[in-house]
Each structure stands twice: as structure tokens, then as C-alpha cells.
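Working notes for the structure below.
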Amino acid sequence: MTELSRRHVIAGAATAAVAAGLPVLGGPQPAQAAAPQIGKQVSGCYRYMLGGFEVTAVTDGARPTKVPDNFVRGVPRETFSQGLASVYLDKENPAFPFTPIVVNTGSKLIAFDTGLGAGAYEQSKGAMGQFQTNLAASGIDRNAIDTVVISHFHGDHINGLLAADNKPAFPNAEILVPAAEWKFWTDEGELSRAPDGIKGNFANTKRVFGALGNKVAQFDAGKEIAPGVTAVAAPGHTPGHTAFMISSGSASLLHTVDAVAGPGLLFVRNPDWQVFFDMDGGVAVQTRRRLFDRAATDKLLFASYHVPFPAVGYIEKEGSGYRFVSAPWNPGI
């Protein structure tokens with residue numbers, strides 16, 4: 001091919017490419033308009049099977065929280081800051097994630113805890129209190145939930161029991177609560193002896209459950225409270241804090257809820273550390289080790305409210321502590 005004809009071929013190819021709207025290879029590329037950043041996640045839910053049960057993890061959002069110097073009792077800030085960094089969390093403002101779960105047993109549709117509620121959703125501009133929004137996005141109608149199981153009475157677990165109009169958010173559901181937790185937070189004597197830092201929790205308990213009336217029933221630890229669901233005593237974080245063993249066929253899930261609280265991975269790695277808002281830190285450590293040893297020894301599927309979404313995986317012993325191994329993402333169920 002002559003030099004002239006070669007140039008004609010190249011020029012002709014470039015002309016054809018331009019006509020077709022294709023880039024011309026080797027030449028300067030036109031600037032492309034930048035696509036706008038979306039700025040939010042798609043539906044915050046993840047579904048998996050547990051034997052014959054369908055489990056849906058539903059994020060309530062996350063709260064970056066500036067941690068005080070006394071965040072971990074008796075541990076210098078530099079030490080626990082290094083601990084946060086070791087699990088890839090921000091040393092100054094680690095995120096506190098919140099993940100309720102919903103279990104469809106085939107005969108019951110059960111929500112475990114309810115998130116921070118409508119007030120938090122409004123105040124945070126949708127960063128928290130997402131449970132209702134994400135529940136709907138997951139295809140679950142809140143009116144179809146017939147049982148709500150509460151693990152303990154902190155606001156990030158009970159505030160979502162009420163809708164923005166202060167009416168029940170789950171109008172057709174029975175609300176099941178730990179008897180030991182109910183006894184403590186509704187006792188006027190306990191209120192009179194309580195330090196100022198937790199008195200607001202007594203008031204919030206009265207506000208939430210006062211609006212629910214006779215829809216609330218109590219349960220004892222060690223009892224089956226719904227088909228395949230057994231309450232497991234897990235005190236320390238609060239007096240009546242409760243974990244749950246959820247079983248279907250040969251499959252079991254140990255839901256430890258707030259056995260690790262706040263930035264949960266920090267306390268998985270360092271189980272003997274006591275977060276300052278555990279009401280009885282020593283008992284909380286005993287509870288944590290008991291539950292984690294069980295999960296690791298029996299190779300149970302493990303869920304926890306404050307580990308990163310979708311908050312399901314496995315616990316392995318590692319050195320003097322443990323390691324959380326997130327369950328493999330499954331695009332199907």
C-alpha cells in the first residue's frame with residue numbers, strides 16, 4: 001500500500017468513527033460530562049436462608065460518633081484508638097451501625113428490635129432511623145409483622161416501635177419484651193437510685209411503652225418465645241439484655257444483639273474491654289465471652305446489632321480475643 005493510500009484509509013476510518021459517534025483512537029478525546037454522584041445507598045437490606053426460615057437484615061443506618069476519652073473503661077485513649085484503627089474504623093469518630101433483623105418462619109413474621117425511630121430519621125436527614133424505609137424497600141409490609149421481639153430498652157432498639165404520629169409502627173404485632181428488662185426500667189425505686197446519665201432512659205421507656213398499651217407481653221430467658229426462637233440471658237449491657245438462638249432444622253443463628261455495642265468490631269477483637277455505657281461492665285464481659293465461645297465452638301451463624309452491615313457471619317477465636325468473619329455475599333437466597 002502506498003503512503004497516500006494508507007493515509008486515505010486512516011482518514012476514512014476516523015471519519016466513519018466520528019459519524020458513528022465513536023471515539024477516534026489515538027487522538028484527543030472530548031471532555032465527557034461527569035455523572036452526578038448519587039449520595040445514598042440503594043435498599044439497605046440483605047436476605048438469607050436459615051434452614052426453612054427467611055432472614056432479612058435491615059439497616060437502620062449508622063451514626064459517626066465522637067468517642068470520649070473514657071469510652072473504654074480503664075483503657076488509655078491511645079490504646080483504644082489503635083484498636084479502632086486495627087479494625088479499620090475512624091479513631092476519632094467511628095461509625096456505630098444499627099441492624100435489626102426480620103425472620104419469616106413460614107407461620108410468623110418476627111422483627112427483632114426496631115431502630116432509632118422517626119425522630120432520628122428526621123433529625124439526621126435520613127442517615128439514621130431508616131428501618132421503616134428499608135423494610136418497605138425489602139418488600140416487607142410493616143402491617144404484616146405479627147411479632148416484635150425487643151432485646152433491651154435502649155432507644156436505638158425501642159424508639160422504632162412508634163411511628164411519627166406516636167402511634168404503633170407495627171399495628172398488628174404483639175410486642176414481646178424481656179421480663180427482667182421490664183422490671184428494671186419500670187421500677188420507680190430503680191429510677192430514684194439511678195445516676196443522672198441513665199434517667200432519660202427511664203423516661204423514654206415510659207414514653208414508648210405507655211403509647212403501646214396492652215400490646216406488650218413479657219418473656220423469661222431460657223424459654224421458646226416464638227417458633228424456633230429461644231431467649232438467651234445476656235445481662236451486663238443492661239440488666240435484662242437478651243440474646244436469641246434462632247433455629248430451623250439443623251441450622252442455627254445466634255443473635256447476640258448488643259453483646260458488643262457501639263463500634264462492635266472493637267469489642268470482638270478486645271472482648272475484655274468494657275464500653276462505658278455497659279451498665280455492668282464485668283458481667284458484660286462474661287456474657288460476651290460465653291456467647292462468643294458458643295458461637296465459635298459450635299460454628300454457629302452469628303448476628304450482632306452493631307457490627308458492619310449486613311451484620312451476619314461467623315466468630316473465630318484469635319489469640320486472646322475473637323475475629324468476625326462476614327458471611328459470603330449470596331446474590332440469591
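The values are calculated or read from the model by the stated rules, or taken from the named source; none is laboratory data. This structure is a prediction, so every number in the text was calculated from the model and none was measured. Every residue, glycine as well, gets a Cβ built from its backbone with ideal geometry; the counts of neighbours run over all protein chains shown.
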So, in segment 233-265, how many residues would count as being surrounded by fewer than 24 Cβ atoms within 10 Å (Cβ to Cβ) and out of contact with any His (no Cβ under 9 Å at 6 or more places or on another chain)?
8
When residues of segment 33-88 are limited to those that are aromatic (Phe, Trp, Tyr) and closer than 29 Å to Trp329 by Cβ, the one farthest from the chain's Cα centre (by Cα)
Phe53
Note on segment 223-245: residues in contact with a strand residue (DSSP E or B) (Cβ under 7 Å, 6 or more places away or on another chain) and part of a loop (DSSP other than H, G, I, E, B) are Lys223, Gly228, Ala234, Gly240
Do we have any residue at all in segment 160-171 that's more than 20 Å from the chain's Cα centre (by Cα), within 27 Å of Tyr48 (Cα to Cα), buried (at least 18 other Cβ atoms within 10 Å of the Cβ) and at pLDDT 95 or above?
no
Show the residue pairs that are 6+ apart or on different chains and have beta-carbon atoms under 6 Å apart, the first residue being within segment 288-313 and touching a residue at least 24 places away in the same chain (Cβ under 8 Å), the second being surrounded by fewer than 17 Cβ atoms within 10 Å (Cβ to Cβ) and part of a strand (DSSP E or B).
Ala296/Glu316; Ala296/Lys317; Phe302/Tyr314
Of (1) more than 14 Å from the chain's Cα centre (by Cα); (2) in contact (Cβ under 8 Å) with a residue 12 or more places away in the chain, Thr99 satisfies all except one. Which?
(1)
How many residues does segment 159-212 contain that are small (Gly, Ala, Ser) and touching a residue at least 24 places away in the same chain (Cβ under 8 Å)?
8
Options Val307, Val325; residue that is within 27 Å of Glu92 (Cα to Cα), of a type in the set (Val, Ile, Thr) and not in a loop (DSSP other than H, G, I, E, B)
Val325
